[in-house]
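The values are calculated or read from the model by the stated rules, or taken from the named source; none is laboratory data. These figures come from a predicted structure and were not determined experimentally. Glycine also receives a Cβ, built like all others from the backbone with ideal geometry; neighbour counts cover every protein chain displayed. Accessible surface areas use protein heavy atoms only, side chains included; no ligands, DNA or RNA. Shrake-Rupley method; radii C 1.70, N 1.55, O 1.52, S 1.80 Å.
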Amino acid sequence: QVQVVESGGGLVQPGGSLRLSCAASRSISSIYAMGWYRQAPGKQRELVAEVTSGGFTNYADSVKGRFTLSRDNVKNTVYLQMNSLKPEDTAVYYCNANLGAVRYWGQGTQVTVTS
């Protein structure tokens, strides 16, 4: 079992940047994958980016080149650096710990991109 807590959301203008953090309650080095998902109003939750324990990182096409996912196994924290934000990035962002047989979710953090 693992608990994850997100932080770092907020309101930003188009073109701006934010960094989201996801702190886990236990070591993440053995967790199969840690990732970020987002859900906009009226839409399904979608993968933003995910990194496996082996270091393979997968990004949604819509964020490639703008978002960077990183993990700190010492701090048991995963970060999502979001640059060149667009209004369509507005959503609740959820951290996910994928243990294979079960996934754990955080409570979500709101990201709003608007002028």
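Restricting 100, 55, 65 to those that are touching a residue at least 24 places away in the same chain (Cβ under 8 Å) and not acidic (Asp, Glu) reduces the list to 100. Checked against (1) of a type outside the set (Phe, Trp, Tyr); (2) outside any strand (DSSP E or B); (3) open to solvent by less than 30 Å² (accessible area, probe 1.4 Å), residue 95 passes all but a single condition, namely (2). Here residue 58 passes the criteria (1) assigned to a strand (DSSP E or B); (2) of a type outside the set (A, V, I, L, M); (3) closer than 18 Å to residue 111 by Cβ except the one numbered (3). Of the residues making up segment 6-31, those that are surrounded by fewer than 16 Cβ atoms within 10 Å (Cβ to Cβ) and part of a strand (DSSP E or B) are 7, 10, 11, 19.
Which of the following residues is of a type outside the set (Phe, Trp, Tyr), buried (at least 22 other Cβ atoms within 10 Å of the Cβ) and not in a loop (DSSP other than H, G, I, E, B): 63, 78, 51? Answer to the check: 78.
In this entry, residue 106 passes the filter for residues that are of a type in the set (Gly, Ala, Ser), within 17 Å of residue 4 (Cβ to Cβ) and surrounded by 15 or more Cβ atoms within 10 Å (Cβ to Cβ).
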